[in-house]
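First up is the structure itself, then whatever we jot down about it.
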Amino acid sequence: MLEREVAVQVKVAGEDTSVDFNRAVQSDQQVVNTIAITVQSGYPWYKTPELISFLELQTRYNKFKNLGIIALDGTVISSQDKPLNVKWVQYILGNTLEKEVFLSARQPDPEDGNAVLISAAVLHHKGKAVGALFAVLPLERYQTILQLPIGGEDGFAFVVNKEGEVEVSGRELPFENLFTTLRSASFQDPALLERFQEDVRAKKHAFLRYKIKNHRRFVYGSPLSMNGWYLISVLPTASVEKQARMLTWVSTGLFIFIFLIFLFLGGYLLRLRAYNNQQLFTTAFVDSLTGAHNLARMSQIFSEHLVQLPAQAALVLFDITKFKVINDLYGYERGNQVLQRVAGILREQLEPGEIFCRSAADNFVLLLGYEERSKLRIRLSKLTTQIRRDCTANDACLMIEAAFGVYEIKEDIPFFIMLDRAHLALENAKRESTEKIQFYDEEDRRRIVHERQLENSMEAALESGAFSVFFQPKCDLKTGKIRGAEALVRWNDLERGLVRPDEFIPLFERNGFILRLDMFILEQVVKKLVTWEKEGKEMVPISVNFSRLHLNDSQYIPQMARILDKYHLSPRMIKVELTESVILNNIVLAQNVVRGLHQKGFAVSMDDFGSGYSSLNVLKNLQFDEIKLDKEFLTGFEQNENAKRVIEGTIRLLKILGMEIVAEGVETQKQVDFLRDIGCDIAQGYFYSRPVPESDFEKWLQ
Ligand code: C2E
Ligand code: CA
Ligand code: CA
């Protein structure tokens, strides 16, 4: 009797898990189908920044490993901007064309060998198959589902195919084939195992109790809805017995209850299986949480012109900026309620001809009519207020902040391009702290496209030597003789010509590439100095700029020291420039770095002094060797007596602190005279020389 109760328990947990697994796989397939429908409208596909960024966005949203399109000729456009293994491409394309929707068996990603699944859907154009959309799914996404909800740590589940080979597992398994490993277990009656295998092959529910190395186990198998796969749930006897002891004093009422759940789930599963893939394709247009359209439907409406667009229409992407916080603080239930409420309000507010859909967790896409920007702005901000007001009953709503990205529809372009543009505007809106409604304009587009191009070519540029160093002399204000120079990076691009650092340094600081670039520049400078030394040229110290990012890098100073050691150059020849803002942001950190640099023998210079709010007090504690006065700090002294006095006073104080003072951006004789009169030592600027390539700079050294 006891044993039967435990058996039921294992079965219930197993059925539960198989329902979850089916749902997860089907939901992935649905997402793939949705994206396929969206992408379809862009046929024929070109590797445009819009398409790539759409694929990247979806990859991120859905936590795919890769997402892409394979055209009939085998061309691949994917979010992982890398060529794909040719065999893989053929395998995916072939299966997808044959089956319309395709879920692969588990297989190693040729890229890194990690096991993945591929979910794919065929792409149509005018009724003909023209390619495949595929998503590479890391197996980890299913692992939590396969943790059996009973037996604590001991219960686990995995998915096998008809041959008993493991496809997906919740944990590391000591075997690869279920049947083989079962055959090595001791069975009182070998016929039992025979029957179990038959059941699995026949896609029937199956149950087995067996013993392996003195451990008794309960195994339950239930068929899944894809690829003839089968879910195997295992519960070792130790925990089964623990459960069983509990069960003995649990009333028969509960037993019946559990049994009923089991029956119910069984029925549910049958229905779920009936839900075949073809249906999935056509009924996948409703977002089950809110009842709104989903992105596929929206895209279809656009591409098939199913609605009369308002005379002036805008595609608005709407994002609840703190949605994750709501989920974390109040739980998913509340989060879901909030989303439902938002959908409710949108439904109320929309005029005839306007539509909306929920595209991802907390993202909604709206198609709205409007007369002018200002009115649309007002309408959107009212929407936020209303969402917040209407649900004061639920305090979660009070936290809602929304951001809007607006694309004004002015041309007949594919839906996903419109979406990408609205998304660009949305990203701007999220970045802005005050204006949460942003309109897409061409300028944004150009900037972002430009940045993407830079990002795509930076690695190659570093390797091919496209980054070079220019030198700008620093001259003695009294004698005009050279006292040093600053190294400034230049990007010599084949198409764009000489690119100035202001165009790429901020980007490289965001993506971290600056760490490598700065070290590269340092190495170039060190090499040059060594050459000059050998050639017997006059040597002056060279200043090298380092980004604030290095301050948090423990390898920063050791790395620098290594480069100087490598070329046997004295660190005295290198001056490190750190900008004022860096230092003020974290004084303790800056103090440590300056001290560390001094210990290794480097001189340190504070760049852009006077552009921020340095206090002289801070300077006293930081022990800089040199201060560079910002160009802005020096402007306007001619007209303004007060400015003149401030500059003069500052310089006097800095000199008392024992620092050398360099004026930057000096362009005129007047400036030179003034600076010399008030006690400044050195100047750098166009007056003496622009930054020049090394060949020109070498003339300065002679
Ligand atoms: P910065 O360190 O303040 O460099 C001085 C900038 O002023 C240089 O711009 C220089 O060309 C410009 N300049 C020099 N004399 C004059 C003048 O008389 N008038 C005017 N109007 N400008 C003058 P550049 O080369 O475009 O560099 C811009 C900034 O990029 C630099 O400002 C520095 O912050 C950064 N940078 C340059 N190279 C590197 C590098 O290798 N690593 C890092 N992290 N940053 C770098
Ligand atoms: Ca500098
Ligand atoms: Ca500067």
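The values are calculated or read from the model by the stated rules, or taken from the named source; none is laboratory data. Bear in mind the structure is a predicted one, so any value in this text is a computation, not a measurement. Glycine also receives a Cβ, built like all others from the backbone with ideal geometry; neighbour counts cover every protein chain displayed. SASA here: full protein model, heavy atoms, side chains in, ligands and nucleic acids out. Shrake-Rupley method; radii C 1.70, N 1.55, O 1.52, S 1.80 Å.
Points worth noting:
- Put a plus charge on the Cβ of each Lys and Arg, a minus charge on the Cβ of each Asp and Glu, and nothing anywhere else: the dipole of region 465-701 about its Cα centre is then about 540 debye.
- Note on T321: accessible area is roughly 50 Å² with a 1.4 Å probe, heavy atoms of protein only.
- Across region 549-563, computed HN-Hα scalar couplings (Karplus, 6.51 cos²θ - 1.76 cosθ + 1.60, θ = phi - 60°) run 4, 5, 4, 8, 9, 5, 8, 4, 5, x, 5, 4, 4, 4, 4 Hz from first to last residue, x flagging Gly and Pro.
- Residues whose amide H comes within less than 5 Å of that of W45, counting only those at least five positions distant or on another chain, are absent (H built at 1.01 Å from N in the peptide plane).
- Considering only F318, L701, Q29, and ranking their Cα positions along the charge dipole of the chain that arises from unit charges at the beta-carbon of Lys, Arg, Asp and Glu, the one farthest toward the positive end is Q29.
- Label-reachable residues, region 184-206, where backbone N falls under 20 Å from a point 7 Å from E163's Cα toward its Cβ: 184, 194, 196-204
- Entries of K474/K528; K481/K537; K566/K628; K324/K410; K528/K575; K63/K128 with Cα pairs more than 25 Å apart: K566/K628; K324/K410; K63/K128
- Taking region 1-236 and dividing mean pair separation by its residue count, relative contact order in percent (alpha carbons under 8 Å, at least six apart): 19
- For region 128-136, the Karplus equation 6.51 cos²θ - 1.76 cosθ + 1.60, evaluated at θ = phi - 60°, returns couplings of 10, 6, 10, x, 9, 9, 10, 10, 9 Hz by residue, with Gly and Pro reported as x.
- Between R379 and K537, full extension at 0.36 nm per residue minus the direct alpha carbon distance yields a gain of 49.9 nm.
- Annotation: per residue accessible area for the chain equals 48 Å², rounded to a whole number [probe 1.4 Å, protein chains only].
- Simple point charges give the picture: +1 on the Cβ of Lys and Arg, -1 on the Cβ of Asp and Glu, and for region 22-84 a dipole about the Cα centre of about 240 debye.
- In region 567-702, the alpha-carbon atoms span a convex hull of 130 Å³ per residue.
- Computed accessible area, M458, all protein chains, 1.4 angstrom probe, square angstrom: 20
- Helical content of the chain, expressed as a calculated mean residue ellipticity at 222 nm, amounts to -15000 deg cm²/dmol (DSSP H runs of 4 or more residues, -39,500 (n - 2.57) each, divided by residue number, nearest 500).
- Highest mean packing comes first when the peptides 670-677, 58-65 are listed by Cβ atoms within 10 Å, giving 58-65, 670-677.
- Gain on full stretching of the segment that runs from L350 to R106 - 0.36 nm per residue minus C-alpha separation: 83.3 nm
- Accessible area in the full protein assembly, largest first, 1.4 Å probe, for V646, V526: V646, V526
- Simple spin-label estimate for L653 and E523 gives 4.2 nm between the two label positions (7 Å along the Cα-to-Cβ direction from each Cα).
- Taking amide H as placed 1.01 Å from N in the peptide plane, Y230 has its amide H under 5 Å from the amide H of V160, L224, each at least 5 places away in sequence or on another chain.
- With the simple spin-label model, which puts each label point 7 Å out from Cα in the Cβ direction, the L498 to Q669 separation comes to 2.7 nm.
- Accessible surface of V489 - all protein chains present, 1.4 Å probe, nearest 10 Å²: 20
- Remark: the K699-L584 segment gains 37.6 nm on full extension, using 0.36 nm per residue and subtracting the alpha carbon distance.
- Label-point separation in nm, Q623 to Q147, each point 7 Å along Cα→Cβ: 5.1
- The calculated P(r) of region 1-236, using every Cα pair and 10 Å bins from 0, goes 7, 30, 29, 18, 11, 4, 0 in percent.
- For region 295-440, the spread of Cα coordinates along the three principal axes comes to 43, 30, 23 Å, biggest extent given first.
- Dimensionless Rg ratio for the chain, taking C-alpha atoms and the 2.2 N^0.38 Å reference: 1.27
- Overall, the chain carries a charge dipole of about 1520 debye about its Cα centre when +1 sits on the Cβ of Lys and Arg and -1 on the Cβ of Asp and Glu, all other atoms neutral.
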